Amino acid sequence: MLIDGELVAASSGAAFDNLNPATGQVLGGTAAAGPEDMLRAITAARRAFDTTDWSTNRVLRQRGLMQLQVALEAEKDQLRTELVAEVGSPVMHMGNAQLDWPLAEALRYPAGLIDEFEWERPLAGGGLFGDRNLRVVIQEPVGVVAAICPSNYPLEVILNKLGPALAAGNTVVLKPDPNTPWNATRLGRIIAEHTDIPPGVVNVVPTPDNEVAGLLATDPRVDMISFTGSTAVGRMLMRQAADTMKRTFLELGGKSALVVLDDADPMAALQGAVGVCAHAGQGCAMTTRMLVHRSVFEDMVGNVAAAFEAVPVGDPALPETLMGPLISAAQKQRVLDSCARGVRDGARLLTGGGVYEKLAPHLAGGQYVQPTVFATDDPSLAIAQEEIFGPVLVIMPFDDDDHAVRIANDSAYGLAGAVLSASMERAMGVARRIRTGAVGVNGGMFYSADAPFGGYKNSGLGRQCGLEGFAQYLETKTIGYRIPKQR
């Protein structure tokens, strides 16, 4: 762990296993923080914010972020190997959001904002109190930020929390997912060994104990919770944080829709469908509902099922693998249970729905399920409403554009979506009516460090990245003043 500038074991000596989800084998151990370790980390972050110049020294903040950038790039090959092993994400995905994209932008963009951001903004005129009354709006850091991160894209989320939080002048206690702790502990070591970031500014505290992690939500010395994960846990954190009125940024679940209009390119539709199998469906923004115009529905259903049966599943370390394992045995069981419920509820199972068994011998202990496709006319079924977080696609027909929009919006979630059409005007019209935080039109990509990302409804509060993501790590202060008369 990294606590107050020191690389330390848990004070109790406890550790927990880091498992390779592709094989079920133990990769090694990770320090298991207890309550005393978490409280020490919170104390360090509070002290670093309150008693050092980190919150006001923009030159130091920018230097520290760029030193971290250089050091991460120097260990990029090790990071890639480590992420494949502990996350189970295929190596082909390291070239996008799993590694290369965030490494290129997640720290550089907020580091650049340190120079470009309008930290102080004068207000014109004196308002109600005359011309001698002057006013200025000042942006200041929130304070101590608890960054709680998931297992599916761990480094991407960590960097996109750390970058703006640190650039804005906050201090951080980072709690990585216990299924994928090593990318975070590597980051802690790099900060300690290769940057001028002062002790206590960043603390990395892994733990498998939810009660220990919960101290971040209840301790009054923590000013903000920045959480990415499930909607259920997000709701719990909001309740826990309420007593101390912590600011909460929550990037939560999704059940996003891919809307395929009747004039869409069928191959583009197939590619969009198969994207659900990337990283075994473990992506909150993945379009796990596919809405297809009724005139081409049956043809599309057959083609998608055939494509899912041809998905390369296997060892994530091999370059040809598209789909690797789920992160844990518990998640594997949840996916299988969801598929069984879909069958019981009357959805038409086209392919998959069970354990994937066509594996090399060394993967026999891995957490693999079959790429799965359901079809149904009933968008109210649980299989079409609940986030499964696995390689499960539900295809549903619609009659016209209005019907497609109604089905897309018939969801407790509102994170992302996609629209395909030969008519840009028509596609954009549908995209504007879908109540989600992001939409891709005809393969357009909304993701980057300067683009705000987050959800409507049960998909969360606030935004990651962009100016909006930077601003949520800031408090706003307005000062009114009068210049004293000269005697």
Report summary line: Residues in the stretch 1-15 that are in a strand (DSSP E or B) and without any contact (Cβ under 8 Å) to a residue 24 or more places away in the chain total 1
Query raised in the report: Does the stretch 380-394 contain at least one residue that is touching a Phe, Trp or Tyr at 6+ places or on another chain (Cβ under 6 Å), modelled with pLDDT of 95 or more and among the polar types (S, T, N, Q)?
Result: no
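One line per residue, one yes/no per condition, for (1) under 30 Å from D299 (Cβ atoms); (2) touching a Phe, Trp or Tyr at 6+ places or on another chain (Cβ under 7 Å):
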| position | (1), (2) |
| --- | --- |
| D223 | no, no |
| L237 | no, yes |
| G253 | no, yes |
| D262 | yes, no |
Query raised in the report: Between a first residue in the stretch 17-44 that is over 15 Å from T185 (Cα atoms) and open to solvent by 60 Å² or more (accessible area, probe 1.4 Å) and a second residue that is outside any loop (DSSP other than H, G, I, E, B) and of a type outside the set (A, V, I, L, M), which pairs have beta carbons less than 9 Å apart while being 6 or more apart in sequence or on different chains?
Result: L19/E86; Q25/H362; V26/D17; V26/N18; P35/E211; R40/N203
Query raised in the report: Among (1) more than 27 Å from L350 (Cβ to Cβ); (2) of a type in the set (A, V, I, L, M); (3) touching a Gly at 6+ places or on another chain (Cβ under 6 Å), where does M445 come up short?
Result: (3)
Report task. Output yes when any residue across the stretch 386-399 is open to solvent by 40 Å² or more (accessible area, probe 1.4 Å) and touching a strand residue (DSSP E or B) at 6+ places or on another chain (Cβ under 6 Å), and no when none is. Result -> no
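From the list I395, I479, which residue is assigned to a strand (DSSP E or B), aliphatic (A, V, I, L, M) and closer than 30 Å to V142 by Cβ? Give the steps one after another, and end with the answer.
Working: I395 fails: closer than 30 Å to V142 by Cβ.
The match here is I479.
From the list G443, G480, exactly one residue is out of contact with any Leu (no Cβ under 6 Å at 6 or more places or on another chain), closer than 24 Å to Q98 by Cβ and either surrounded by fewer than 18 Cβ atoms within 10 Å (Cβ to Cβ) or not β-branched (V, I, T) (or both). Which is it?
Details: G480 fails: closer than 24 Å to Q98 by Cβ.
So the residue among G443, G480 that is out of contact with any Leu (no Cβ under 6 Å at 6 or more places or on another chain), closer than 24 Å to Q98 by Cβ and either surrounded by fewer than 18 Cβ atoms within 10 Å (Cβ to Cβ) or not β-branched (V, I, T) (or both) is G443.
Which residues, counting only those in the stretch 28-37, are out of contact with any strand residue (DSSP E or B) (no Cβ under 7 Å at 6 or more places or on another chain) and not in a helix (DSSP H, G or I)?
Listed by number, the residues that qualify are A33, G34.
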Query raised in the report: Where in the stretch 182-300 are the helices (runs of 4 or more DSSP H), entirely inside, with at least 3 residues that are touching a Ser or Thr at 6+ places or on another chain (Cβ under 8 Å) and open to solvent by less than 50 Å² (accessible area, probe 1.4 Å)?
Result: 231-242
Report summary line: Across the stretch 148-171, the tally of residues that are surrounded by 24 or more Cβ atoms within 10 Å (Cβ to Cβ) and among the hydroxyl-bearing types (S, T, Y) stands at 2
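Restricting the stretch 115-155 to residues that are of a type in the set (A, V, I, L, M, F, W, C) and part of a loop (DSSP other than H, G, I, E, B), which is farthest from P176 (Cα to Cα)?
Applying the first criterion (of a type in the set (A, V, I, L, M, F, W, C)) to the stretch 115-155 yields 117, 119, 123-124, 128-129, 134, 136-138, 142, 144-149, 155.
Checking which are part of a loop (DSSP other than H, G, I, E, B) leaves us with 117, 119, 124, 142, 149.
Details: F117: 29, W119: 31, A124: 45, V142: 21, C149: 5 Å.
The residue in question is A124.
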**Report entry** Flag for E140 being surrounded by fewer than 19 Cβ atoms within 10 Å (Cβ to Cβ), modelled with pLDDT of 95 or more and charged (D, E, K, R)
**Finding:** yes
Report summary line: Going through the stretch 118-163 in order, the residues found to be in contact with a Leu (Cβ under 8 Å, 6 or more places away or on another chain) and closer than 30 Å to G95 by Cα are A146, A147, I148, C149, P154, L155, E156, I158, L159, K161, L162, G163
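For the stretch 371-379, state whether one or more residues are over 25 Å from V335 (Cβ atoms), open to solvent by less than 10 Å² (accessible area, probe 1.4 Å) and over 18 Å from the mean Cα position of the chain (by Cα).
Start the filter on the stretch 371-379 by keeping residues that are over 25 Å from V335 (Cβ atoms), which leaves none.
Taking every residue of the stretch 371-379 in turn, none turns out to be over 25 Å from V335 (Cβ atoms), open to solvent by less than 10 Å² (accessible area, probe 1.4 Å) and over 18 Å from the mean Cα position of the chain (by Cα).
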**Report entry** Residues satisfying the stated conditions in the stretch 409-432, i.e. open to solvent by less than 30 Å² (accessible area, probe 1.4 Å) and not in a helix (DSSP H, G or I)
**Finding:** S411, G414, L415, A416, G417, A418, V419, L420, S421
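The values are calculated or read from the model by the stated rules, or taken from the named source; none is laboratory data. Everything numeric in this text was worked out from a predicted model, so none of it was measured. Reconstructed Cβ throughout: ideal geometry from the backbone, glycine too, with neighbour counts over all protein chains shown. Heads up: the accessible areas ignore ligands, DNA and RNA and are worked out on the full protein's heavy atoms, side chains in. Shrake-Rupley method; radii C 1.70, N 1.55, O 1.52, S 1.80 Å.
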